[in-house]
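The values are calculated or read from the model by the stated rules, or taken from the named source; none is laboratory data. This one's a predicted model, so the numbers in the text were calculated from it and none came from an experiment. Every residue, glycine among them, receives a Cβ derived from its backbone with ideal geometry; neighbour counts consider all protein chains shown. These accessible areas exclude ligands, DNA and RNA; they are computed on the full protein's heavy atoms, side chains included. Shrake-Rupley method; radii C 1.70, N 1.55, O 1.52, S 1.80 Å.
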Amino acid sequence: MKKHCLPWLILSPSLVFLLLFTYFPLLRSVYDSLFDSRMAVNDPPFVGMDNFIRLLQDSVFWRALGNNIVYILLTVVPGVVLALLLAVALWENHRVNRWLRTAFFFPMIVPMVSAAALWLFIFMPGLGLLDHALSMFFGPLNTNYLGRSNSALLALSLIGVWKFAGYYMLFFLAGLQGIPASTREAAIMEGASPSQVFFGVTLPLLRPTLSFVVTTALIYAITQIDHVAVMTRGGPDNATTVLLYYIQNLAWDTHDLGKASAATFITLLGLFAFSLFNLKLLEKGAHYER
């Protein structure tokens with residue numbers, strides 16, 4: 001009896017936190033999505049699926065969804081590729097590489113609000129570091145990167161890549177160091193070129209790590225929106241409004257908790273489905289050491 005109870009006893013603190021801060025909020029969002037909090041504060045009426053219907057008829061919601069998809073493509077793909085390149089370049093464990101790993105990881109420990117304040121100065125029209133650097137090649141510039149619809153989301157994506165690429169690099173480094181050297185040596189002895197060794201041996205053995213990193217990057221691309229609130233507030237003309245910022249505005253500014261809960265549930269459902277698909281896709285043919 002004790003053998004059966006001990007694992008559950010050890011896991012109980014984690015299970016309590018999961019129930020309180022993950023599953024209960026999810027169920028509560030589903031419950032709140034069935035009521036219209038705009039009509040009454042203390043006793044909102046039951047409206048069933050009306051909040052979901054209003055949400056799907058909202059053009060801002062679809063704009064936020066499209067922006068989030070673009071933001072995911074602009075951050076996850078470059079961020080993961082850059083992290084993998086950095087990990088390969090800093091694979092050897094000597095003093096210079098250890099310093100460089102620390103330097104590339106440093107943005108991760110900077111709070112997103114502080115990072116946003118730093119990049120506000122970089123993107124400042126005319127006086128910012130970016131315009132100053134580009135003026136050496138193109139003459140004086142006064143570009144409002146965050147005030148233009150066609151560049152604001154790209155500017156925010158640069159921050160996402162800058163902040164998290166070093167963090168993903170650590171996972172790839174751990175994966176690379178876990179690959180037996182004999183597998184690469186055998187490929188080299190068979191006459192494989194460095195690129196053939198990487199794409200034919202190293203990368204397939206990294207697929208479990210790649211699967212985890214891509215899923216983590218996807219979650220961060222949806223949940224990390226502090227820089228949106230600080231730098232653009234969703235503008236200009238909702239060009240940088242992403243799903244979580246849209247939900248936040250519904251809950252805080254308009255107090256439409258029912259619609260915000262419906263948007264939260266749809267977002268979590270989509271994130272779960274996409275993560276599951278991503279894990280299944282990337283783990284096909286993955287090699288695990290037994």
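Averaging over every viewing direction, what projected area does the convex hull of the Cα atoms of the range 120-218 cover, in nm²?
The orientation-averaged projected area of the Cα hull of the range 120-218 comes to 9.3 nm².
Given +1 on the Cβ of Lys and Arg, -1 on the Cβ of Asp and Glu, and no further charges, what dipole in debye does the range 35-283 carry about its Cα centre, rounded to the nearest 20?
Working: 13 positive and 13 negative charges, 88 e Å.
For this selection, approximately 420 debye.
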If unit charges are put on Cβ atoms (+1 for Lys and Arg, -1 for Asp and Glu) and the dipole of the chain is taken about its Cα centre, the option from LEU6, HIS132, PHE104 lying farthest towards the positive end turns out to be LEU6
Span per principal axis, largest first, for the Cα atoms of the range 144-290 (Å) | 65, 36, 21
What base-10 log of the normalised intensity I(q)/I(0) is obtained for the range 140-198 from the Debye formula, alpha carbons as equal point scatterers, at q = 0.20, 0.21, 0.24, 0.27 Å⁻¹?
-> -0.83, -0.86, -0.96, -1.03
May I ask for the net charge around GLU92, where only other residues with Cβ less than 15 Å from the Cβ of GLU92 are counted and Lys, Arg are +1 while Asp, Glu are -1?
-> +4
Here the membrane-span-like helices of the chain, with no claim about any membrane, defined by DSSP H, Cα axial extent at least 27 Å and mean Kyte-Doolittle at least -0.5, are 59-89, 152-177, 257-282
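From the protein chains alone at 1.4 Å, what is the descending order of accessible area for MET169, MET189, largest first?
Numbers: MET169 0, MET189 165 Å².
Sorted descending by solvent-accessible area, the residues read MET189, MET169.
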Extreme residue, positive dipole direction of the range 35-283, given options VAL213, PHE277, SER37 (C-beta unit charges) = VAL213
Listed residues VAL201, VAL76, VAL228; largest mean-square fluctuation, Gaussian network over the chain with Cα springs below 10 Å, found at VAL201
Over the Cα atoms of the range 21-83, how large are the radius of gyration and the largest Cα-Cα distance (Dmax), in Å?
-> 17.0, 51
Stokes-Einstein D for the chain, Kirkwood Rh over Cα pairs, 37 °C, 0.692 mPa s (µm²/s) | 148
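Keeping the other protein chains in place, figure out the carbon and sulfur percent of the accessible area of the range 35-283, with a 1.4 Å probe. Each step should come with its number before you reach the end.
On the way: 9250 of 13320 Å².
Carbon-and-sulfur percentage of accessible area, whole number: 69.
Sorting THR240, THR254, THR232 by accessible area (1.4 Å probe), largest first, what list results?
On the way: THR240 0, THR254 80, THR232 20 Å².
Listed by decreasing accessible area, they come as THR254, THR232, THR240.
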Once you put a point 7 Å from the Cα of LEU118 and another 7 Å from the Cα of GLN177, both along the Cβ direction, what distance in nm separates them?
-> 2.4
In whole percent, what relative contact order does the chain give with Cα contacts below 8 Å and a gap of six or more residues?
-> 28
